[in-house]
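The values are calculated or read from the model by the stated rules, or taken from the named source; none is laboratory data. Given the structure is predicted, the values throughout are model-derived calculations rather than measurements. Every residue, glycine as well, gets a Cβ built from its backbone with ideal geometry; the counts of neighbours run over all protein chains shown.
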Amino acid sequence: MCQICQTVTATENKVIDRVAQNASNIFSQRTLEKDYRTLISALKPGLRVLDIGCGTGAITKDIAHIVGSTGYVVGIDNTASFISEGKSLFAGIQNLELVHADLLDFVSKEKFDLIISARTFQWISTIDKAIDKVKSLLKPQGQLSILDYNHEMINWNPKPPVSMLHFYNMFLMWRKDAGMNNRIAFDMIDILEEHGFDQVEVFNADEHYERHFPGHLENIKIWSKVANSKQMVDEGYISDAARLDAIKDYNEWAESEAISMTLKLREVRAILNS
Ligand SMILES: C[S@@+](CC[C@H](N)C(=O)[O-])C[C@H]1O[C@@H](n2cnc3c(N)ncnc32)[C@H](O)[C@@H]1O
């Protein structure tokens with residue numbers, strides 16, 4: 001692997017470890033019904049499903065429930081702590097297997113009817129390689145479903161403090177420079193068509209949080225959790241003082257002024273044309 005590729009991969013892994021672990025409470029409380037609701041229409045008993053970037057397997061275990069004892073679900077994630085947490089949480093589910101693996105290294109003797117991935121392709125800088133790998137794991141006419149963000153279209157009401165807007169803009173720049181696509185949810189349609197998928201369907205799946213709704217404040221505060229990582233300071237994108245200001249100002253805004261936050265999400269679903 002070239003030096004730049006190694007650096008990008010190492011950077012991604014470090015940030016995913018830090019950012020994702022800071023947000024692990026949010027991940028482990030996710031459910032299929034609440035957090036990947038559009039997928040339900042693609043699920044039926046007997047399917048063999050792969051979930052790429054499954055986190056602790058919170059959504060994956062709900063999929064296992066629907067495909068039932070005649071189906072089977074494998075969840076993979078490249079953060080070891082998420083997989084070990086999921087293995088102990090969901091040990092009793094017979095048709096669910098959680099594996100610590102990076103997508104690009106994952107091998108399976110049997111191919112899958114359906115491959116899904118929620119909020120994970122946003123972190124992958126080698127999208128073409130990743131989609132080629134997905135194709136190699138799908139059965140002919142198998143289905144792919146990717147749920148992901150368009151980070152360029154976040155909407156806060158009212159606008160958050162300037163310090164957080166500055167942090168967020170630097171976050172988008174840092175991600176772009178590391179090869180990650182900030183609008184992957186919207187670009188995925190063209191990417192899949194270029195890779196030989198067809199029957200592409202798109203489902204709106206925006207995440208909308210209102211401060212006064214039970215549990216939503218923690219989701220609105222996600223950006224101060226992201227800013228807890230010093231990664232962008234270490235790499236020269238923002239000063240530590242500006243980062244700390246963003247956390248303090250944003251938490252105050254979230255507690256007192258925030259009305260709502262909408263994260264733009266889409267599920268893109270397609271069939272492998274071979
Ligand atoms: C934002 S979390 C989403 C977790 C879960 N799918 C959900 O929607 O709650 C993204 C996950 O993708 C994993 N991940 C990122 N790149 C990966 C890769 N190349 N292979 C496997 N897992 C990956 C991270 O470790 C992280 O757990």
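Points to keep in mind about this one:
- Candidates ALA227, ALA270, ALA246 - the one that is closer than 21 Å to LEU32 by Cα, of a type in the set (A, V, I, L, M) and surrounded by 21 or more Cβ atoms within 10 Å (Cβ to Cβ): ALA270
- On inspection, LEU104 qualifies as touching a Lys or Arg at 6+ places or on another chain (Cβ under 9 Å), free of Cβ contacts under 8 Å to residues at least 60 places away in the same chain and not in a loop (DSSP other than H, G, I, E, B).
- Here is the figure for the stretch 77-118: residues that are within 11 Å of the ligand (Cβ to nearest atom), closer than 21 Å to LYS34 by Cα and of a type in the set (A, V, I, L, M, F, W, C) total 3.
- Number of positions in the stretch 58-76 that are near the ligand (Cβ under 10 Å from one of its atoms), free of Cβ contacts under 8 Å to residues at least 40 places away in the same chain and in contact with a Lys or Arg (Cβ under 8 Å, 6 or more places away or on another chain): 1
- Within the stretch 134-157, being without any contact (Cβ under 8 Å) to a residue 12 or more places away in the chain and surrounded by 19 or more Cβ atoms within 10 Å (Cβ to Cβ) holds for no residue.
- Any hit, the stretch 96-111, residues being at pLDDT 95 or above, closer than 28 Å to PRO214 by Cβ, surrounded by fewer than 20 Cβ atoms within 10 Å (Cβ to Cβ) and small (Gly, Ala, Ser): no
- Residues of the stretch 32-78 classified as closer than 22 Å to ALA270 by Cα, hydroxyl-bearing (Ser, Thr, Tyr) and touching an Asp or Glu at 6+ places or on another chain (Cβ under 9 Å), total: 4
- The stretch 41-57, subset free of Cβ contacts under 8 Å to residues at least 40 places away in the same chain and surrounded by fewer than 23 Cβ atoms within 10 Å (Cβ to Cβ), residue nearest to the ligand (Cβ to nearest atom): SER41
- Those helices (runs of 4 or more DSSP H) lying entirely in the stretch 157-274 with at least 2 residues farther than 23 Å from SER117 by Cβ: 162-177, 216-220, 222-227, 231-234, 240-256
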